[in-house]
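Down below is the structure, laid out as structure tokens.
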Amino acid sequence: MTILVAVRGWKPDHWIHALRETAPNRTVVLPGDDFDPSSIRYALVWKPEPGYLKSFPKLEAIFSLGAGVDHLTTDPELPNLPVVRIVDPDLTGRMTEWVVLNVLLHHRRHAHYAAAQAEGGWKPLRQWAAGAVRVGIMGLGELGRDAARALTALGFKVKGWSRTEKRLESVACFHGAEGLAPFLAQTDILVSLLPLTTETENLIDRVVIDALAKDGPLGGPVILNAGRGRSLVETDLFVALQDGRLKGASLDVFATEPLPPDSPLWRAPNLFMTPHVAAESDPVALSRYVIGEIVAYEAGRPLRHLVDRNKGY
Ligand code: NDP
Ligand code: OXD
């Protein structure tokens with residue numbers, strides 16, 4: 001029952017160490033180690049080389065080491081096996097921290113105060129209560145629901161948009177193409193926690209930007225994206241920040257990562273950027289999650305949190 005760990009762009013050492021600590025009786029190997037490909041039952045992966053996973057004839061399940069699975073669904077040679085994604089309070093809590101932090105940075109007008117401090121200026125601005133601000137969350141999945149809960153607790157007026165109909169306490173829910181315009185029209189701060197699929201690619205463009213509420217207390221709408229970079233048309237966001245149709249933005253994910261040095265986004269006004277660290281996959285927490293799922297599966301229980309290949313998430 002050998003476990004393969006293939007994490008492109010991440011250091012594998014912490015994963016190997018955490019997995020061996022969590023499951024000392026299992027063999028854990030890395031690509032390049034000396035092992036028999038037919039010994040591999042489970043692959044724990046992040047951005048594996050396309051086609052790589054078809055090399056293991058007895059593979060039973062693929063575990064994405066991130067909540068997003070576009071790094072797998074875009075592989076045309078992905079074997080037809082169950083793909084399990086991360087649903088874990090450690091990762092969810094990290095994302096909620098990022099969302100709350102960035103909503104508050106804009107709500108509390110932090111760019112203004114940071115600039116004033118740099119100039120040695122004492123420049124108070126009027127401050128509204130959270131209840132005056134409408135936050136709209138695109139994606140009411142594991143991450144969107146938790147962010148909605150935390151923002152509601154702070155007093156923001158929260159609404160959400162998803163593909164299928166939802167009912168959530170204290171959150172006005174919209175869904176589908178017909179729900180998008182009314183959702184946007186009542187949103188001052190838009191938060192995208194959408195997966196990347198054929199439907200969500202380039203979804204947040206100038207049409208969406210122009211459909212956001214313009215009568216909110218922040219003086220213009222704000223966009224946060226921690227879902228996937230390719231859901232947002234970066235040039236449309238940049239132009240809207242430049243010409244003032246958008247008051248501000250926060251981005252954790254980008255169409256090309258790392259963000260190229262010549263991207264105009266580096267110099268966009270009132271834009272907070274983080275390098276895809278909103279919700280890091282923690283080796284200790286997520287090794288416990290994955291081993292727990294494997295143990296349950298081997299005891300005869302069905303695998304949970306499976307990706308639906310037709311939906312793409
Ligand atoms: P889930 O699969 O639990 O939720 C996805 C949500 O998006 C669901 O509510 C789904 O609707 C909605 N959705 C999907 N397609 C559409 C569509 N076409 N129109 C409207 N709504 C849609 O995912 P998670 O919440 O766990 O994660 C969301 C994404 O966050 C990940 O896919 C990943 O890209 C990103 N992420 C980013 C991280 C970072 O560090 N920046 C870390 C972790 C994840 P429905 O409920 O109807 O199915
Ligand atoms: C994830 C990510 O999907 O890090 O977990 O983006």
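The values are calculated or read from the model by the stated rules, or taken from the named source; none is laboratory data. All of these numbers come straight from a predicted model, not from anything done at the bench. As a convention, Cβ positions derive from the backbone with ideal geometry for all residues, glycine included, and neighbour counts pool all protein chains shown. Note: areas computed on protein heavy atoms with side chains; ligands, DNA, RNA excluded. Shrake-Rupley method; radii C 1.70, N 1.55, O 1.52, S 1.80 Å.
Within region 104-146, being of a type in the set (G, A, S) and either over 19 Å from the mean Cα position of the chain (by Cα) or more than 26 Å from S231 (Cβ to Cβ) (or both) holds for A111, A114, A115, A116, A118, G120, G121, A129, A130, G131, A132. Residue-level check: of (1) among the aliphatic types (A, V, I, L, M); (2) more than 19 Å from R109 (Cβ to Cβ); (3) open to solvent by 40 Å² or more (accessible area, probe 1.4 Å), M273 misses just (2).
Do you know which of the residues in region 37-52 that are free of Cβ contacts under 8 Å to residues at least 60 places away in the same chain and under 20 Å from E298 (Cβ atoms) is surrounded by the fewest Cβ atoms within 10 Å (Cβ to Cβ)?
Quick first cut of region 37-52, residues free of Cβ contacts under 8 Å to residues at least 60 places away in the same chain only: 37-41, 43, 45, 47-52.
With the extra rule that they be under 20 Å from E298 (Cβ atoms), the set shrinks to 38-41, 43, 45.
Working: S38: 11, S39: 14, I40: 21, R41: 18, A43: 25, V45: 23.
The extreme case among them is S38.
Can you tell me how many residues within region 45-73 are away from ligand 1 (no atom under 16 Å from the Cβ) and either part of a strand (DSSP E or B) or under 26 Å from V253 (Cα atoms) (or both)?
Residues flagged as away from ligand 1 (no atom under 16 Å from the Cβ) and either part of a strand (DSSP E or B) or under 26 Å from V253 (Cα atoms) (or both) within region 45-73 amount to 7.
One residue stands out in region 75-113 among those that are within 12 Å of ligand 1 (Cβ to nearest atom) and part of a loop (DSSP other than H, G, I, E, B): the one that is most open to solvent (accessible area, probe 1.4 Å), namely R85.
Considering G139, G144, G160, G179, the condition of being farther than 21 Å from V99 by Cα, within 10 Å of ligand 1 (Cβ to nearest atom) and surrounded by 15 or more Cβ atoms within 10 Å (Cβ to Cβ) is satisfied by G179 alone. When I62 is tested against the conditions (1) touching a residue at least 40 places away in the same chain (Cβ under 8 Å); (2) under 22 Å from the mean Cα position of the chain (by Cα); (3) more than 24 Å from P275 (Cα to Cα), the lone failure is (1).
Given the criterion within 17 Å of L193 (Cβ to Cβ), out of contact with any helix residue (DSSP H, G or I) (no Cβ under 7 Å at 6 or more places or on another chain) and either small (G, A, S) or assigned by TED's automatic domain parsing to the domain that holds P24 (or both), identify the matching residue among G244, G227, G292. Give the steps one after another, and end with the answer.
Values: G244 fails: within 17 Å of L193 (Cβ to Cβ); G292 fails: within 17 Å of L193 (Cβ to Cβ).
Just a single option satisfies the conditions, and that option is G227.
Name the one entry in I16, I3 that is surrounded by 18 or more Cβ atoms within 10 Å (Cβ to Cβ), in a helix (DSSP H, G or I), more than 24 Å from the chain's Cα centre (by Cα) and at pLDDT 95 or above. Going through I16, I3 in turn, just one is surrounded by 18 or more Cβ atoms within 10 Å (Cβ to Cβ), in a helix (DSSP H, G or I), more than 24 Å from the chain's Cα centre (by Cα) and at pLDDT 95 or above: I16.
When the criteria are applied in full, L78 meets the requirement of being hydrophobic (A, V, I, L, M, F, W, C), away from ligand 2 (no atom under 16 Å from the Cβ) and closer than 25 Å to G227 by Cα. Remark: D210 falls outside the filter, which requires a residue to be under 21 Å from the mean Cα position of the chain (by Cα) and not polar (S, T, N, Q).
If A153 passes every condition in (1) closer than 19 Å to K247 by Cα; (2) away from ligand 1 (no atom under 16 Å from the Cβ); (3) assigned to a helix (DSSP H, G or I) but one, which one does it miss? With (1) closer than 19 Å to K247 by Cα; (2) away from ligand 1 (no atom under 16 Å from the Cβ); (3) assigned to a helix (DSSP H, G or I) applied to A153, the lone miss is (1).
If only residues of region 245-267 that are within 25 Å of W161 (Cβ to Cβ) and away from ligand 2 (no atom under 16 Å from the Cβ) are counted, the one that is most open to solvent (accessible area, probe 1.4 Å) is K247. Checking K47, K58 one by one, the residue that is assigned by TED's automatic domain parsing to the domain that holds G292 and at positive phi is K47 and no other.
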